[in-house]
1. Sort V104, V46 so the one with the fewest other Cβ atoms within 10 Å of its own Cβ comes first.
2. Would you list R83, R55 from fewest to most Cβ contacts within 10 Å?
3. Among P80, V34, G107, which residue has its Cα positioned farthest towards the positive end of the charge dipole of the chain, with +1 placed on the Cβ of Lys and Arg, -1 on the Cβ of Asp and Glu, and the dipole taken about the Cα centre?
4. Starting from 0 in steps of 10 Å, tell me what percent of the Cα-Cα pairs of the stretch 7-140 lands in each bin.
5. Give me the percent relative contact order of the chain, please, defined on Cα pairs under 8 angstrom at least 6 residues apart.
6. What is the distance in Å between the Cα centres of the stretch 33-53 and the stretch 63-142?
7. So what is the relative contact order for the stretch 22-98, in percent, with contacts set as C-alpha pairs under 8 Å and at least six apart?
8. What 222 nm value per residue comes from the helices of the chain, counting each DSSP H run with n ≥ 4 as -39,500 (n - 2.57) and dividing by all residues, nearest 500 deg cm²/dmol?
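Values in this text are rule-based calculations from the coordinates and carry no lab data. Every value quoted in this text rests on a predicted model; they were computed, and no experiment measured them. Here the Cβ positions follow ideal geometry from the backbone for every residue, glycine too, while neighbour counts run over all protein chains shown.
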Amino acid sequence: MSVPPLASIVVGVLAERRPAVTRWVDHVWAVTDVLLDPPDMAPWTVLHEQDGTTRFFAGTAELDLFRTETDNLKHNTEAPDPRIWVVLRPGEGEPGMLLQRVTVDPGEAHLFADVGNDHLESLPMPAPLLEAIRAFVARHHEERQFFKRKRDRADPEALGRRMTDFDDE
């Protein structure tokens, strides 16, 4: 059973397909922008084409915010350069990519960094989104004190020799 997010923010994503400079692949992908007020259009709508570069509206995604993620969100929003991550995944049909995920949780982004053919892109977090995430953290974050675990002290009597059949004599 999954817990529903406390808040969701809908964002739009712009991506570009550019000619590659190597003979091993035909093109490369780059996420160019995250929009806080996405247009009402179909995913992968072509916005502009020039010199082999095609700019797409990749689609919309929901940034789900959970109370259990506030520690990661707090670290991200307090960093010198807060980030937002976009994951594109190879897909069937034109243009050959799918918008898989958008997140502001660096821990979640890290999970996608090591997965197959996913393309993970990091962008600066837009200022209005940064303020919304900071407000969420301010409302829901609870500082947790770090407790260092200590090992139980060994009982020297328990470490002694074992009883054998000869001990009764």
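1. Numbers: V104 27, V46 12.
In order of increasing Cβ crowding within 10 Å: V46, V104.
2. On the way: R83 16, R55 19.
Lowest to highest Cβ neighbour count: R83, R55.
3. The Cα lying farthest towards the positive end belongs to P80.
4. 12, 41, 32, 13, 2, 0
5. On the way: 252 pairs, mean separation 31.8, N = 169.
RCO, the chain: 19 percent.
6. When both Cα centres are located, 20 Å separates them.
7. Numbers: 43 pairs, mean separation 13.3, N = 77.
Relative contact order of the stretch 22-98: 17 percent.
8. Values: 3 runs with 31 residues, N = 169.
Only helices count here, giving -5500 deg cm²/dmol.
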